[in-house]
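Asker: One structure, pasted below without further comment.
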Amino acid sequence: MVVRNYPFKKFLGFHLTGKVRDILPIMMEAKPDFILRFESPRFGGDISLGEVKLKYGDKICLMGGYDPHFFLGSSLDEMCAEAKRCIDEAATDGGFILANTDAIPENANWQDIQQVVQFAKEYCNYK
């Protein structure tokens, strides 16, 4: 659980990994502002961003979803497709922050990461 004090507001959130489907209803009882990571089922999670968005997206900000393994051995098109998948599943009507679900691999190409960030900004029209 993360609590940060800001001059204008306090935020409560959860940072978790792995299988979370069964504990999401319990976490939601705490009325968090955000939940971070939401690993895809192919990366060890047990619920998709899209499913969480449908069920809880009007109550919390979702963060995460991007499988950082794409930064090794994947083409730039595949890396951007992973960002697009996350955005398409969870960004409708706001309340989503695209983030990786784990550490970026040490051997990842920084230029690729920058290009994926640029793609996400343009795809979502972030200013």
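The values are calculated or read from the model by the stated rules, or taken from the named source; none is laboratory data. Predicted, not measured: the structure shown is a model, and the values here were computed from it. Cβ coordinates were reconstructed from backbone atoms using ideal geometry, including for glycine residues, and neighbour counts include every protein chain displayed. Quick note on the areas: whole protein, heavy atoms, side chains included, nothing else; ligands and nucleic acids left out. Shrake-Rupley method; radii C 1.70, N 1.55, O 1.52, S 1.80 Å.
Asker: Within the range 16-27, can one find any residue that is of a type in the set (Gly, Ala, Ser), part of a loop (DSSP other than H, G, I, E, B) and open to solvent by less than 80 Å² (accessible area, probe 1.4 Å)?
Answerer: Taking every residue of the range 16-27 in turn, at least one turns out to be of a type in the set (Gly, Ala, Ser), part of a loop (DSSP other than H, G, I, E, B) and open to solvent by less than 80 Å² (accessible area, probe 1.4 Å).
Asker: Take the conditions charged (D, E, K, R), under 15 Å from the mean Cα position of the chain (by Cα), farther than 16 Å from Pro68 by Cβ and open to solvent by less than 80 Å² (accessible area, probe 1.4 Å) and apply them to Glu39. Does it pass?
Answerer: It is false that Glu39 is charged (D, E, K, R), under 15 Å from the mean Cα position of the chain (by Cα), farther than 16 Å from Pro68 by Cβ and open to solvent by less than 80 Å² (accessible area, probe 1.4 Å).
Asker: Taking the criterion of being more than 20 Å from Cys124 (Cα to Cα) and outside any helix (DSSP H, G or I), would at least one residue in the range 76-95 satisfy it? Don't jump to the end; show me each part of the working.
Answerer: Pass one, the range 76-95, residues more than 20 Å from Cys124 (Cα to Cα): none.
Checked against the condition, which is being more than 20 Å from Cys124 (Cα to Cα) and outside any helix (DSSP H, G or I), the range 76-95 yields no hits at all.
Asker: Give Asp77, Asp46 a once-over and let me know the one that is over 11 Å from the mean Cα position of the chain (by Cα), surrounded by fewer than 15 Cβ atoms within 10 Å (Cβ to Cβ) and either modelled with pLDDT under 95 or of a type in the set (Val, Ile, Thr) (or both).
Answerer: Of Asp77, Asp46, the one residue that is over 11 Å from the mean Cα position of the chain (by Cα), surrounded by fewer than 15 Cβ atoms within 10 Å (Cβ to Cβ) and either modelled with pLDDT under 95 or of a type in the set (Val, Ile, Thr) (or both) is Asp46.
Asker: Still on this structure, please answer the following. Considering only the range 49-65, I want to know if a residue exists there that is open to solvent by 40 Å² or more (accessible area, probe 1.4 Å), part of a loop (DSSP other than H, G, I, E, B) and closer than 18 Å to Gly94 by Cα.
Answerer: There is at least one residue in the range 49-65 that is open to solvent by 40 Å² or more (accessible area, probe 1.4 Å), part of a loop (DSSP other than H, G, I, E, B) and closer than 18 Å to Gly94 by Cα.
Asker: Could you please find all residues in the range 100-112 being open to solvent by less than 30 Å² (accessible area, probe 1.4 Å) and modelled with pLDDT of 95 or more?
Answerer: Of everything in the range 100-112, just one residue is open to solvent by less than 30 Å² (accessible area, probe 1.4 Å) and modelled with pLDDT of 95 or more, namely Ala108.
Asker: Taking Ile87, is it among the hydrophobic types (A, V, I, L, M, F, W, C), surrounded by fewer than 20 Cβ atoms within 10 Å (Cβ to Cβ) and in contact with a strand residue (DSSP E or B) (Cβ under 8 Å, 6 or more places away or on another chain)?
Answerer: yes
Every residue, every condition in (1) within 14 Å of the chain's Cα centre (by Cα); (2) without any contact (Cβ under 8 Å) to a residue 40 or more places away in the chain, yes or no:
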| residue | (1), (2) |
| --- | --- |
| Ile26 | no, yes |
| Ile35 | yes, yes |
| Gly65 | yes, yes |
| Ala83 | yes, no |
